[in-house]
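Novice: Take this structure, written in structure tokens, and hold onto it; I'll ask about it next.
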Amino acid sequence: MNTIKNLSEFANKRYGQNFLKNDAIIKQIIQSIPNDDLRVAEIGPGLGDLTKELVLTRNVTAFEVDKRLCEHLQRLFCDSIDDETLEINCGDVLKQWEDNLLLNEPYHLVANLPYYIATNIILKALKDENCQSILVMVQKEVAQKFSANSGEKAFSGLSVLTQTVGYGELLFDVGAENFVPPPKVTSSILLIRKKRSEDNSDFEEFLKVAFKQPRKKLSKNLATHYNRDKIEALLQELEVSLTIRPHEAETSMYHHLYNELNKDNIDERAKQQSSKRANS
Ligand code: SAM
């Protein structure tokens, strides 16, 4: 941006502004987008360096909270806006997502995310039926949590949620020196290919209980909310050790444990829903 003389001074920490200034990495990100003609949603286009490459091959809808950047983007991309390759929404993407669908058509999410809301955004995208894949730059530890496999130290409730709807992969790391101003952490590119979507806040709550104390026994964590004898009987049925730790259990086990331990609640909810349908 010609009018911005000193990027470090311009960057607003409150909005998590660390601008990616490495063209080779931007190209690598572009090459990792699934190869089809779906629209791309970009959250936090910033100065537009990634956007500039995206609009060469895709239709893009961008969401930027910082008014100064919105004005800059509107000037920089006036031709793409005119020919409707690019649409820019100015405002907080989370507010937009609360009130409406992010996009009302299938899309891929591509973004160098503001780290302070990255986990929240990925969780929303996992639930959003229109979102087909998530390709985002996030703090390395966050990428590991979403993409780890059972048995790995980073395997978490977030990994289980990813594996419930698709497959997560940490593609590559990006050092702090590639940003202005440099963040205090290493970043990674995370790709989640979705096969479906699921929005089950009760299952999310169950996972929070299961992973509450990640280095303790899974049975101990679950026993804070469920009957210990039932937990142990279920683990025996699954033929796993009673001392299994949360990161050692498989995603399918979590679904089985959730369904069995909440059977009465789930049956009751299903009954209520069918009587609601009958009455409407
Ligand atoms: N995409 C640019 C790049 O790669 O250089 C900027 C990435 S910077 C890490 C994050 C961007 O997200 C900033 O432009 C920031 O203003 C924007 N942002 C922060 N919070 C946001 C929100 N709630 N809604 C929309 N955009 C937001």
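The values are calculated or read from the model by the stated rules, or taken from the named source; none is laboratory data. Computed from a predicted model, the values in this text were never measured in an experiment. Here the Cβ positions follow ideal geometry from the backbone for every residue, glycine too, while neighbour counts run over all protein chains shown. These accessible areas exclude ligands, DNA and RNA; they are computed on the full protein's heavy atoms, side chains included. Shrake-Rupley method; radii C 1.70, N 1.55, O 1.52, S 1.80 Å.
Novice: For the range 49-119, I need the span (max minus min coordinate) of the C-alpha atoms along each principal axis, in Å, sorted largest to smallest.
Specialist: 31, 29, 20
Novice: List the residues, sorted by chain then number, that are 5 or more residues from ARG39 or on another chain and whose placed amide H is less than 5 Å from its amide H.
Specialist: Placed amide hydrogens put HIS108 under 5 Å from ARG39.
Novice: While we're here: Between their Cα atoms, which of LYS21/LYS195; LYS124/LYS145; LYS13/LYS145; LYS140/LYS184; LYS67/LYS140 are more than 22 Å away from each other?
Specialist: LYS21/LYS195; LYS13/LYS145; LYS67/LYS140
Novice: Figure the gain on full extension for SER275 and THR119 (residue separation times 0.36 nm, minus the Cα-Cα span) and round it to one decimal in nm.
Specialist: In short, 52.6 nm is gained.
Novice: Need the full-extension length gain, GLU248 to ASP79, defined as separation in residues times 0.36 nm minus the C-alpha distance. One decimal, nm.
Specialist: So the chain would gain 55.6 nm between GLU248 and ASP79.
Novice: Full extension from SER201 to HIS256: what is 0.36 nm times the residue separation minus their Cα-Cα distance, to one decimal in nm?
Specialist: 18.2 nm
Novice: Can you run the Rg to Rh ratio on the range 2-194? Use alpha carbon positions and the Kirkwood inverse-distance Rh.
Specialist: Checking Rg against Rh, the ratio lands at 0.94.
Novice: Which one, ILE30, ILE122, ILE134, has the greatest fluctuation when you compute a Gaussian network model over the chain with C-alpha springs under 10 angstrom?
Specialist: Answer for the Gaussian network model of the chain: ILE30.
Novice: Run the accessible area of the range 93-135 with a 1.4 Å probe and give the carbon-and-sulfur part as a rounded percent.
Specialist: 42
Novice: If you don't mind, another one. Who wins for biggest fluctuation among SER32, SER201, SER133 in a Gaussian network model of the chain, springs between alpha carbons below 10 Å?
Specialist: SER201
Novice: Roll a 1.4 Å probe over the protein chains and send me the accessible area per residue for the range 80-177 in Å².
Specialist: Roughly 44 Å² per residue, with all protein chains present.
Novice: Let me ask something else. Can you compute the charge dipole magnitude of the chain about its Cα centre, using +1 on each Lys and Arg Cβ and -1 on each Asp and Glu Cβ, nothing else charged? Give it in debye, rounded to the nearest 20.
Specialist: 1000
Novice: Sticking with this one: In the range 134-243, what trypsin sites (Lys or Arg not before Pro) fall in a loop by DSSP, with at most 11 other Cβ atoms inside 10 Å?
Specialist: LYS153, LYS184, LYS195, ARG196, ARG215
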